[in-house]
Amino acid sequence: MPELPQRIWSDEDWERIQRGYGARDMDEKWDVFTEGEVVFLHRSWTGYGVFAATFAPVDGGGWRIVSAVVERDAERYGGTDDAYNCVMLELVITAIVLGEPAPELRSKLVELTRQKSRSDDAPAGLIQHSALGLRSDS
């Protein structure tokens, strides 16, 4: 991926990310697991791998994504825009795995989706649900 999230996750965040996240019902769309320092994000219904992000420690504490790959087969994942993929990767980790509200990332996802579809009237909630699903505890 040419664009990567610039967020530095805390050591506590990294511990939570390493524990992963498994979809608990059909409304949830992502499974996340870690092997070593690589975080894998798979679609829960199909099991298709969409992202693999390599994390590394940051001087002074915390972790950041230093490289990532994204699925480019349109039948497996429709995200072909670099900015969209960057936001989606960060948003799944932030909102799904860590359970943070992430309003700025959600707004950016909606904006990029509307630009791609050339439709300003798609409801934000529908866009977010389509991309992220719903967490059982949100």
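Values in this text are rule-based calculations from the coordinates and carry no lab data. Because the structure is predicted, anything quoted here is derived from the model rather than measured. With ideal geometry, Cβ positions are generated from the backbone for all residues, glycine too; neighbour counts draw on all protein chains shown.
Summary table below
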item: Extension gain, Lys116 back to Tyr48 (0.36 nm per residue minus Cα-Cα distance, nm); result: 22.2 nm
item: Along principal axes, Cα extents of the range 1-114, largest first, whole Å; result: 40, 28, 25
item: Per-residue HN-Hα couplings for the range 17-28 [Karplus 6.51, -1.76, 1.60; θ = phi - 60°; Hz; x = Gly/Pro]; result: 4, 4, 6, x, 8, x, 4, 9, 7, 5, 7, 9
item: Under 5 Å, built H, 5+ apart or other chain: amide partners of Tyr48; result: Arg43
item: Distance (nanometres) between label positions extended 7 Å along Cα→Cβ at Arg7 and Val69; result: 2.4
